[in-house]
Amino acid sequence: MARRSSQWLLAVAVVASVVVQILLLHHAHYLRAWQLALAPAAAVALIAAVALRRARLSPASLLALLAVLLVAPTAYAATTWKQPVEARSRRPARAWWAATAARSSAARSSPPPTL
């Protein structure tokens with residue numbers, strides 16, 4: 001009974017992880033190839049992990065499953081290294097900081113409004 005429930009728990013965890021990863025990758029509007037490849041690769045790794053649970057290859061199949069589930073976060077992180085993902089301003093950070101500091105100092109130096 002415990003083995004069967006652990007298999008179900010593993011399956012639910014893998015399916016939930018794959019769904020969340022696909023939704024996050026879809027929300028980012030890129031890495032569409034990973035969205036298409038993630039579900040079949042995770043399904044194959046899950047079937048191997050369940051089928052080989054009593055064999056000597058069980059740790060290897062679980063490691064392969066973990067590797068498949070880490071592909072999408074790694075791909076997402078690698079793309080953010082190349083260039084900023086959500087650049088809101090085309091000005092350099094120093095110019096933005098100087099403009100913000102000037103506005104806040106001007107607001108502090110003005111007299112308070114009278115009623």
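Each residue in segment 17-62 was checked for being touching a residue at least 12 places away in the same chain (Cβ under 8 Å), of a type outside the set (A, V, I, L, M) and either surrounded by fewer than 16 Cβ atoms within 10 Å (Cβ to Cβ) or within 15 Å of THR74 (Cβ to Cβ) (or both), and 6 pass. The residues on offer are ARG90, ARG108, and the sole one that is modelled with pLDDT under 65, outside any loop (DSSP other than H, G, I, E, B) and surrounded by fewer than 10 Cβ atoms within 10 Å (Cβ to Cβ) is ARG108.
The values are calculated or read from the model by the stated rules, or taken from the named source; none is laboratory data. Since the structure is predicted, the reported quantities are computational estimates derived from the model, not experimental observations. As a convention, Cβ positions derive from the backbone with ideal geometry for all residues, glycine included, and neighbour counts pool all protein chains shown.
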